[in-house]
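Notes for the one structure printed next.
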Amino acid sequence: MATRTRSISVASLFGRKIKGVILDITGVLKEGGSNGGTAVANSIEALNRLQDSGLAIRFCTNETTVTRSTLVDILRKLGFTIDEKKVFPPIPAMCCILRERNLRPHLLVHPDALPDFDGIDQTDPNCVIIGDATHQFSYENMNKAFQCLMKLEKPILFALGKGKYYQEDGELVLDVGPFLKALEYATDVRAEIVGKPSPSFYKTVLLDMGLDPSEVVMVGDDIVGDVGGAQSCGMAGVLVRTGKFRKQDENHPDVKPDAIMDNLAQFVDKLLSHALS
């Protein structure tokens, strides 16, 4: 006799009726690495169970060192089943803003991410976009971004996230945030954040899910960008002890997670054990 797969659409957790889950990618599904990284232990199976549950699943990342297509290819090669349309990185949202506001950017981003800006007019820039440019964060390139902003009558600075650091190849490395702060300090321009923890970025994902924030839980390894950002929008926020997690994150002075889990697999076990058929 064939075994019937249980399908659910609602889980009761944190005193909420959970209908959807948003997952960070690096640090939750995979550990970062210059070669594409490795899957976090048991995360492939955990994601499969979650996607089979009937809950709405989306992926929200501040990854800007590669295109969305390349990121999805990396995940698939690691063994994950991922629908590219359900992956939300900052650059596609950024391009929509540029078109809506008739802006032409000076880009300080990783070279591998440039194809996601194809079709965007970059002549005579009237704004600056800074992403995780890694080795492109030279004095020369930072200075060009600074000079561009200083020449504008009404300077506009965008940042594709504002993380302090992330983990790559087992080591912590600087993210875009410290470089962003340098430009803000030098120019007296406050950046508009496109990416986590921006409420407008999270709301784009929620709109795609068709769910109220109270019905969604965010799972991430960043206590501020993932957990704090989600909670500020009305979602539940779960911190996992993988990726860039540090013990001190459990006692953050401002952000208190709804739960702290060892990894994605433990979270899925907890969530699905509270599922309603």
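The values are calculated or read from the model by the stated rules, or taken from the named source; none is laboratory data. As the structure is a computational prediction, the values presented were derived from the model and not from experiment. All Cβ positions, glycine included, derive from the backbone under ideal geometry; neighbour counts span all protein chains shown. Surface accessibility is based on the protein's heavy atoms, side chains included, excluding ligands, DNA and RNA. Shrake-Rupley method; radii C 1.70, N 1.55, O 1.52, S 1.80 Å.
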Checklist (1) modelled with pLDDT of 95 or more; (2) buried (at least 23 other Cβ atoms within 10 Å of the Cβ) applied to residue 195, failing item: (1)
If a residue has to be open to solvent by 30 Å² or more (accessible area, probe 1.4 Å), touching a Leu at 6+ places or on another chain (Cβ under 8 Å) and not in a helix (DSSP H, G or I) to count, how many in the range 40-54 make the cut? 1
Kindly provide the set of residues from the range 98-118 that are open to solvent by less than 80 Å² (accessible area, probe 1.4 Å), more than 18 Å from residue 154 (Cβ to Cβ) and not in a helix (DSSP H, G or I), ordered by number. 107, 108, 109, 110
What pairs can you find where one residue is in the range 122-149 and over 13 Å from residue 111 (Cα atoms), the other is of a type in the set (Gly, Ala, Ser) and in a helix (DSSP H, G or I), and their Cβ atoms are less than 6 Å apart, with a gap of 6+ or different chains? 128/145; 146/186
Restricting to the range 17-39, and then to whatever is in contact (Cβ under 8 Å) with a residue 24 or more places away in the chain and open to solvent by 60 Å² or more (accessible area, probe 1.4 Å), can you tell me which residue is farthest from residue 83 (Cα to Cα)? 17
If I filter the range 55-92 down to residues being among the β-branched types (Val, Ile, Thr), open to solvent by less than 50 Å² (accessible area, probe 1.4 Å) and not in a loop (DSSP other than H, G, I, E, B), which single residue comes out as farthest from residue 175 (Cα to Cα)? 57
Conditions (1) within 29 Å of residue 32 (Cα to Cα); (2) touching a helix residue (DSSP H, G or I) at 6+ places or on another chain (Cβ under 6 Å): number failed by residue 187: (1)
What about residue 175, is it touching a helix residue (DSSP H, G or I) at 6+ places or on another chain (Cβ under 8 Å), at negative phi and either in contact (Cβ under 8 Å) with a residue 40 or more places away in the chain or open to solvent by 70 Å² or more (accessible area, probe 1.4 Å) (or both)? no
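Residue by residue, here is whether (1) in contact with a Gly (Cβ under 7 Å, 6 or more places away or on another chain); (2) closer than 22 Å to residue 19 by Cβ; (3) among the acidic types (Asp, Glu) holds:
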site: 175; (1), (2), (3): yes, no, yes
site: 181; (1), (2), (3): no, no, no
site: 188; (1), (2), (3): no, no, yes
site: 215; (1), (2), (3): yes, yes, yes
site: 230; (1), (2), (3): yes, yes, no
Listed by range, strands (runs of 3 or more DSSP E) wholly within the range 200-277 having at least 3 residues that are open to solvent by less than 20 Å² (accessible area, probe 1.4 Å) are 216-220, 236-240
In this structure, does residue 136 turn out to be among the polar types (S, T, N, Q), under 30 Å from residue 38 (Cβ atoms) and buried (at least 19 other Cβ atoms within 10 Å of the Cβ)? no
